[in-house]
Every structure is written in C-alpha cells, then in structure tokens.
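Undergrad: Dropping a structure here in structure tokens format, bear with me for questions.
A short reminder: the numbers here are calculations on the coordinates, not readings from a lab. Predicted, not measured: the structure shown is a model, and the values here were computed from it. Neighbour counts are summed over all protein chains in view; Cβ atoms, including those assigned to glycine, are modelled from backbone coordinates with ideal geometry.
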Amino acid sequence: MGDRVVFAFGMDDFIFEIDDYGGIPVRLSRSVWEDKILSDSPIGHPEVVTHTDILPEAIQRPDVVFCSTRRLDTHLFYKLHVDEGKHHIVIVVKYVIENKCRVGYVTTVYLTGKLYSKGDILWTLQPKKTH
C-alpha cells in the first residue's frame, strides 16, 4: 500500500486521487463533491465538510469496508468515531474498469451513527502491535 495522495484542487475534474487499502486508485470528482455531497438538496451531505481532511485516510486506511448488498462493484468505507465518538464517516466507492485497470470513484460521503451490517466485510484494519 502506497502513501500516494494527489490533491488536485486546481484541476477541473478531481478533488483528489488516492490509492485505497488494496492499492487501487480512488478518485473524488469535483462534480460529485460540489453537486452531490455539498448540495443542500435532499441527496446532499454538507455536514461532511468538517471532516474533509480525513477522507484520504478513510480510503487508504479504513476501519472497515463492506460490499454493498445492492451492487457488487460498490464498497462502503468506514472511518469510525470521527466526531467525539458520535458518528462514523462513510465513503461509498464504485469500482469500474478503465483502460484495462480497476479504478474507484467516490459516489457519496455521509455521516451515520450505525455500522452497515448486511454486506460482506471485505476489510478490517488490523490494530498495530505494540511490544
């Protein structure tokens, strides 16, 4: 797993790209960020703005990742207890094949008080061993 993260705030297309826990690049497009996540509409989640700084870590070192029960190509990345233990941040990533390579795209980000328990667990962060 690399520590590569590219913040592209000056680019038109993407806010950032980072390798996920398995080394697959995951991108957050500017249009999803502005038109969906930051939107005040019913589908928006502007409450995540205060957690923007942990989004790359939540993709690269999530606490747990579930496979969606609706779409096998979609995974739910969780970073647990992000605001004084009250909520978890969830990043929904859809994986596609582009130019013969697998790439993930963030489709939404939101806060929740519950852990999704219906889908298969694909990943759990192993605690660091201390001696």
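Undergrad: How far apart, in nm, are the 7 Å Cα→Cβ label points at Tyr21 and Leu115?
TA: My value for the distance between the label points is 1.2 nm.
Undergrad: What is the list of residues in segment 11-30 whose amide nitrogen lies under 15 Å from a point 7 angstrom out from the Cα of Thr107, following Cα to Cβ?
TA: Of the residues in segment 11-30, 27-29 have backbone N under 15 Å from the label point off Thr107.
Undergrad: How do Arg30, Arg70 line up, fewest other C-beta atoms within 10 Å first?
TA: Numbers: Arg30 14, Arg70 8.
Placing the least packed residue first, the sequence is Arg70, Arg30.
Undergrad: Could you please rank Tyr78, Tyr105, placing first whichever residue has the fewest other Cβ atoms within 10 Å of its Cβ?
TA: Ascending number of Cβ neighbours within 10 Å: Tyr105, Tyr78.
Undergrad: So what is the orientation-averaged projected area of the chain, using the convex hull of its C-alpha atoms, in nm²?
TA: 9.4 nm²
Undergrad: Moving on to the next point. State, to one decimal in nm, how far the label point of Arg30 lies from the label point of Asp13, with both points 7 Å from Cα in the Cβ direction.
TA: 1.2 nm
Undergrad: So for the pair Leu38, Lys94, with labels modelled 7 Å out along Cα→Cβ, what separation do we get in nm?
TA: The answer from the label model is 2.1 nm.
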